[in-house]
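Everything on this sheet refers to the single structure shown next.
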Amino acid sequence: MKSMDTRLALPDQLLDRVLEEFSAKVSKEVSERLPGRVPVADEWLRANEVMSRLGISPRTLYTYTRRQAFDTKKIGRTLFYSKESVMRLV
């Protein structure tokens with residue numbers, strides 16, 4: 001049995017236009033879903049960096065987070081901790 005080739009050949013100009021439109025839609029969607037700015041690496045820390053700096057366990061970090069001991073920002077499924085608020089506990 002022959003398989004059908006479903007690839008589509010597009011002229012370069014049309015392909016460029018389609019890719020530009022797709023890129024614009026993706027950029028718009030990302031900016032709508034992630035309001036505000038993305039954390040800057042120098043200002044925000046991930047959980048493993050916080051635990052390392054403070055010498056605490058994941059459970060202790062969880063407790064501190066629930067008690068709002070740190071300023072946090074969640075982007076997607078990742079929680080970032082304000083470097084400034086972490087350094088106040090050092």
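All of the numbers you see were taken from the coordinates with simple rules; none came from a lab. For clarity, every value in this text was computed on a predicted model and none was experimentally measured. For neighbour counting, all protein chains shown are included, and Cβ atoms are generated from backbone atoms with ideal geometry for every residue, glycine included.
Table for the structure above
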| quantity | calculated |
| --- | --- |
| Intensity falloff of the range 44-90 expressed as log10 I(q)/I(0), Debye formula with alpha-carbon point scatterers, at q = 0.19, 0.23, 0.27, 0.28 Å⁻¹ | -0.50, -0.75, -1.06, -1.15 |
| Amide H within-cut-off set for Ile75, under 5 Å, with H built and near neighbours excluded | Phe80 |
| Burial ordering of Met51, Met87, fewest other beta-carbon atoms within 10 Å first | Met87, Met51 |
| Other-chain or far-sequence residues with amide H under 5 Å of Trp44's (modelled H) | Lys83 |
| Residue-span extension gain [Asp42 to Phe22] - 0.36 nm each, minus C-alpha spacing | 4.0 nm |
| ³J(HN,Hα) computed for each position of the range 66-72 - Karplus, 6.51 cos²θ - 1.76 cosθ + 1.60, integer Hz, glycine/proline x | 5, 7, 6, 6, 10, 7, 10 |
